[in-house]
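The values are calculated or read from the model by the stated rules, or taken from the named source; none is laboratory data. None of these values were measured; they are calculated from a predicted model. So basically every Cβ, Gly included, is an ideal-geometry build from the backbone, and we count neighbours across all protein chains shown. Protein only, heavy atoms only, side chains kept; ligands, DNA and RNA dropped before computing areas. Shrake-Rupley method; radii C 1.70, N 1.55, O 1.52, S 1.80 Å.
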Amino acid sequence: MSAPSIHTIIFDLGGVLIDWNPRHLYRKIFEKEEEMEHFLHHICTQDWNEQQDAGRSTREAADILIPQFPDYQAQIEAFYGRWEEMLAGPIQGTVDILDALCKDGRYEMLALTNWSAETFPIAQQRYAFLRWFEDILVSGKVKLKKPDPRIYQMLIDRHQLQPEEAVFIDDSARNIKAAQDLGIHGIHFTSPAQLRSALAELGIHLP
């Protein structure tokens, strides 16, 4: 079976191109790993954070939690007050792949990210490679988040994409499945080396 003809490459950002993890911050705040994990699993949870990715303000997010967990007020406010400390830097191997794809010139380069509209400008200022994309669809700006099929359809409509000619790269299996359900090829990212191999299987060979 021949490889599909790919014209559009869509990147997720956090966990693929940017090493974002709240643990980079909270290891400075909590003395014990188990205390940090309890906080991230039961107070500032992934589900809570994803509501900011879907458009809820960071102030409202803190105001919801602090009355429930008053003993953790300082730690809750640090989530966005010290949010930049959650950024450990670029995932350089993936940035190198992005660079090669952009220099190749044959592909439309897009990004689709679950990210708060309030914090995304910080990443834009810090990482010049974000300017290499023709467009970045930020969930917090449009108040939809992956894996909601509507945000994928929004990107398809905005750029008049042919799903079968597009590939989406994300570190979340559920986000990949949502893209595949709409006919987009999916690569579940685990490492830059794995990404290179998966792209080659689609006929996208890098130097």
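Worth pointing out:
- Residue check, residue 55 part of a loop (DSSP other than H, G, I, E, B), of a type in the set (Gly, Ala, Ser) and in contact (Cβ under 8 Å) with a residue 40 or more places away in the chain: yes
- Among the residues of this structure, residue 101 counts as one that is at negative phi, buried (at least 17 other Cβ atoms within 10 Å of the Cβ) and either of a type in the set (S, T, N, Q) or in a helix (DSSP H, G or I) (or both).
- Residue 27 farther than 30 Å from residue 198 by Cβ, among the basic types (Lys, Arg) and in contact (Cβ under 8 Å) with a residue 12 or more places away in the chain: no
- Unique residue being open to solvent by less than 30 Å² (accessible area, probe 1.4 Å) and part of a helix (DSSP H, G or I) when the list is 198, 193: 198
- A single member of 46, 92, 73, 124 is loosely packed, with under 15 Cβ neighbours inside 10 Å, out of contact with any Ser or Thr (no Cβ under 9 Å at 6 or more places or on another chain) and more than 30 Å from residue 166 (Cα to Cα), and it is 73.
- Positions within the stretch 69-91 being farther than 18 Å from residue 115 by Cβ and either of a type in the set (Gly, Ala, Ser) or free of Cβ contacts under 8 Å to residues at least 12 places away in the same chain (or both), in sequence order: 70, 71, 73, 74, 78
- Positions within the stretch 14-29 being open to solvent by less than 20 Å² (accessible area, probe 1.4 Å) and assigned to a loop (DSSP other than H, G, I, E, B), in sequence order: 16, 17, 22
- Contact map, the stretch 188-207: residues that are without any contact (Cβ under 8 Å) to a residue 40 or more places away in the chain paired with residues that are exposed (fewer than 14 other Cβ atoms within 10 Å of the Cβ) and part of a helix (DSSP H, G or I), Cβ distance under 7 Å, separation 6+ or inter-chain. Pairs shown: 188/173.
- The residue of the stretch 104-114 that is farthest from residue 147 (Cα to Cα), among those that are in contact with a helix residue (DSSP H, G or I) (Cβ under 8 Å, 6 or more places away or on another chain) and open to solvent by 10 Å² or more (accessible area, probe 1.4 Å), is 107.
- From the list 60, 84, 35, the lone residue that is open to solvent by 20 Å² or more (accessible area, probe 1.4 Å), acidic (Asp, Glu), in contact with a helix residue (DSSP H, G or I) (Cβ under 8 Å, 6 or more places away or on another chain) and not in a loop (DSSP other than H, G, I, E, B) is 84.
- Number of residues in the stretch 1-13 that are open to solvent by less than 60 Å² (accessible area, probe 1.4 Å) and either in a helix (DSSP H, G or I) or hydrophobic (A, V, I, L, M, F, W, C) (or both): the value is 6.
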